[in-house]
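What follows is a short report on a single structure.
None of the figures in this text is laboratory data; all of them are computed from the coordinates on show. Note that this is a predicted model, so its numbers are computed, not measured. When we count neighbours, we look across all protein chains shown, and the Cβ atoms used for this are built from the backbone with ideal geometry, even at glycine.
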Amino acid sequence: MENSTKILEKSLHEKFVFYGKNVREWTRKCTLLLPEIDKREIWKKHGFANIYEYARILAGMSTNAVSAALWTMRKVENKPELKSVIEEKGISAVRPIANLATPETDKFWAEKAREMSGHTLETYAKEFRKSNFQACRAAETPTAPQIQSITIELDPEIANQLEKLKGQGNWNELMQKLLQAYQAQVEAKKPIPQENAKRYVPAKIKNYVLVKTNNTCAFPGCTKKYKYLHHTWRFALTKMHDPDSLIPLCKPHERLAHAGLIENENQSPENWKIKLEADKTNEKWLKADKWVAEYYTGKR
């Protein structure tokens, strides 16, 4: 009786997965037809009020899904490589970079869309835009210092103490002194590296690493909560937990690191930025990153 129940449950699950995959495949096919259907107003010829009603009733597509499909397909109409990705993986695989790709970079972005998950591609595109923007700003004003303004809410007592500490100086100098004092305090508690280690990161090293970023991702400008402790010198190669090369990262930035797309990875994170292509010359490094990728996808 128990065996027959398990067989039935397994069969139900397998059928559901099979039908679900078919739903995604047919939804992708419907999506590819939408722009031409909308252009020719075929929906009107069949008595529908608009393309949204047409897609909702005939294909079960939401208004947001139709809008996203029409927008994305319009952006990639002259980009055949990205259109192929949509056929393979769906609209969501291309949407993060649809407004960024050009006919000249069509193949480049198609490769990234095939290799990366949606969240990782979205993060990569964001860093790509930021990097290009900063490069343009640097070209316009190469010697101009970048000053940022922030607003913080403090208890009156703390605000008063900070005012006194600042005195006749400026806030930048005070903040720099406080940061240096804090960093010195953290560094004083730095544990020694653990050699010939197992995968588990010792609590002392983990706590030291996380205090430096307050449990957030260390990639410049990212404020997401960390997901992984990333070994910039690959653990598979060193078998070492070194507090100086163990960096907390969110999932997308950790994926970019193992895709070989972070420049200056073996330097302090404030020197990090994304790069267009991974270095293919270090075979041991590539093998370690491939192992990690297979581990995450369940292939290992």
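Remarks
- Residues considered: Ala188, Ala69, Ala93. Largest GNM mean-square fluctuation over the chain, using C-alpha springs under 10 Å, is found at Ala188.
- The simple spin-label model puts a point 7 Å past each Cα toward its Cβ; for Arg199 and Asn64 those points are separated by 3.5 nm.
- Counting only alpha carbon atoms, the long axis of helix 63-75 and the longest principal axis of the chain meet at about 80°.
- Crossing angle, helix 118-140 versus the chain [Cα axis fit, 0-90 degrees, rounded to tens]: 60
- Annotation: lysines with alpha-carbon distance below 20 angstrom to Lys107 (same-chain offsets under eight excluded): Lys75, Lys79, Lys83, Lys89, Lys126, Lys275, Lys280.
- Note on Phe18 and Lys45: the model spin-label points, each 7 Å out from Cα along the C-beta direction, lie 3.7 nm apart.
- Label-point gap, in nm, between Ile147 and Glu283 - each point 7 angstrom along Cα→Cβ: 5.4
- Between 0 and 90°, nearest 10: helix 156-166 axis offset from the chain longest Cα axis: 60
- Computed helical MRE - 222 nm, the chain, DSSP H runs ≥ 4 contributing -39500 (n - 2.57), nearest 500: -18000 deg cm²/dmol
- Among Ile152, Ile86, Ile57, the residue with the largest mean-square fluctuation in a Gaussian network model of the chain, with springs joining Cα atoms closer than 10 Å, is Ile152.
- In a fully extended conformation the segment linking Leu174 and Gln267 would gain 30.8 nm over its present Cα-Cα distance, using 0.36 nm per residue.
- Listed candidates (i) 53; (ii) 70; (iii) 58 - label of the one calculated as percent of Cα pairs over 23 Å apart: (ii)
- For segment 171-264, the relative contact order comes to 28 percent (Cα pairs under 8 Å, sequence separation of at least 6).
- On the basis of the beta-carbon distance and an R0 of 41 Å, Glu88 and Met240 show a calculated FRET efficiency of 0.55.
- Residue among Gly169, Gly118, Gly47 with the largest mean-square fluctuation in a Gaussian network model of the chain, springs linking Cα atoms under 10 Å: Gly169
- Peptides 230-236, 100-106, 207-213 ranked from most to least packed give 230-236, 207-213, 100-106, packing being the mean of other C-beta atoms within 10 angstrom over each peptide's residues.
- With a Förster radius of 35 Å applied to the C-beta separation of Trp233 and Asn132, the computed FRET efficiency comes to 0.75.
- Amide H contacts of His230: Ile247, Leu249, each under 5 Å away and 5 or more positions distant or on a separate chain (H built 1.01 Å from N in the peptide plane; Pro and chain starts excluded).
- Residues whose placed amide H lies under 5 Å from that of Lys273, excluding near-sequence neighbours: Glu263
- Taking a straight line from the alpha carbon of Lys204, these lysines sit under 20 Å away, with near neighbours fewer than eight places off in the same chain left out: Lys189, Lys190, Lys212, Lys225, Lys227, Lys239.
- Packing order of peptides 174-183, 255-264, highest average first: 255-264, 174-183 (average count of other Cβ atoms within 10 Å over each peptide's residues).
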